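**Student:** Questions regarding the structure given below will be posed in turn.
The values are calculated or read from the model by the stated rules, or taken from the named source; none is laboratory data. These numbers come from a predicted model, not from an experiment. The accessibility values were calculated without ligands, DNA or RNA, using every heavy atom of the protein model including side chains. Shrake-Rupley method; radii C 1.70, N 1.55, O 1.52, S 1.80 Å.
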Amino acid sequence: MPVMLAHACLDVRNLEKSIAFYGKLGLKVVYKFKNKAGRVYGVYLKAGRGTFLEMFRLDKELARKFKPASYFHLCFQVKNLDAAAKQMRKHRIKIIKRIEWGGNGRLFFINDPDGNKLEFLQYLGKNPLLKHMK
């Protein structure tokens, strides 16, 4: 049985641009996938304790082997949503939607360079999920 979500994987058009963008969000490259010629074609970015975001450069041959996937968004938990929003403004990253979730949490969404929707969520004391996070 699973013990946690290990990583999510994105197919990106421009790997270097995506690495730079996610670096602005505080994610750091911890592993590089290289081909026989030494060219980097994918990376693991550390996204928290034991969780990673994996990215690969869009590969047409590989894409033909897999059916396109569908998902709504990726969510990053933050301790302080206001500090996260300040970081977005610092890097001129547009916040596209903010939501106050009663006493459960506060969140906002942004888009990455490939148009993937990213959520930043600060859980608050009344959130029923908190008891499952220990």
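**Student:** Quick one: which residues, 5+ away or cross-chain, put their amide H under 5 Å from the amide H of G105? H built at 1.01 Å from N.
**Tutor:** L124
**Student:** Dividing the Cα convex hull volume of the chain by residue count, how many Å³ per residue is that?
**Tutor:** Expressed per residue, the convex hull around the Cα atoms of the chain is 141 Å³.
**Student:** Using θ = phi - 60° and the Karplus relation 6.51 cos²θ - 1.76 cosθ + 1.60, list the HN-Hα couplings for segment 42-51 in order, rounded to whole Hz, with x at every Gly or Pro.
**Tutor:** x, 8, 10, 10, 6, 10, x, 5, x, 10
**Student:** What does the accessible area per residue of segment 71-134 come to in Å², with a 1.4 Å probe and no ligands, DNA or RNA counted?
**Tutor:** That works out to 67 Å² for each residue.
**Student:** Can you tell me the length gained on complete extension of the stretch A37 to M4, counting 0.36 nm per residue apart and subtracting the Cα distance?
**Tutor:** Answer, rounded to one decimal: 8.5 nm.
**Student:** Let me ask something else. Give me the angle, in degrees from 0 to 90, between the Cα long axis of helix 81-90 and the longest principal axis of the Cα atoms of the chain, rounded to the nearest 10.
**Tutor:** Here the helix axis deviates by roughly 50 degrees.
**Student:** Helix 15-24 versus the longest principal axis of the chain: what angle, 0 to 90°, nearest 10, using Cα atoms?
**Tutor:** Approximately 20 degrees, to the nearest ten.
**Student:** Right, another one. Just the number, please: carbon plus sulfur as a percent of the accessible area of the chain, 1.4 Å probe, no ligands or DNA/RNA counted.
**Tutor:** 55 percent
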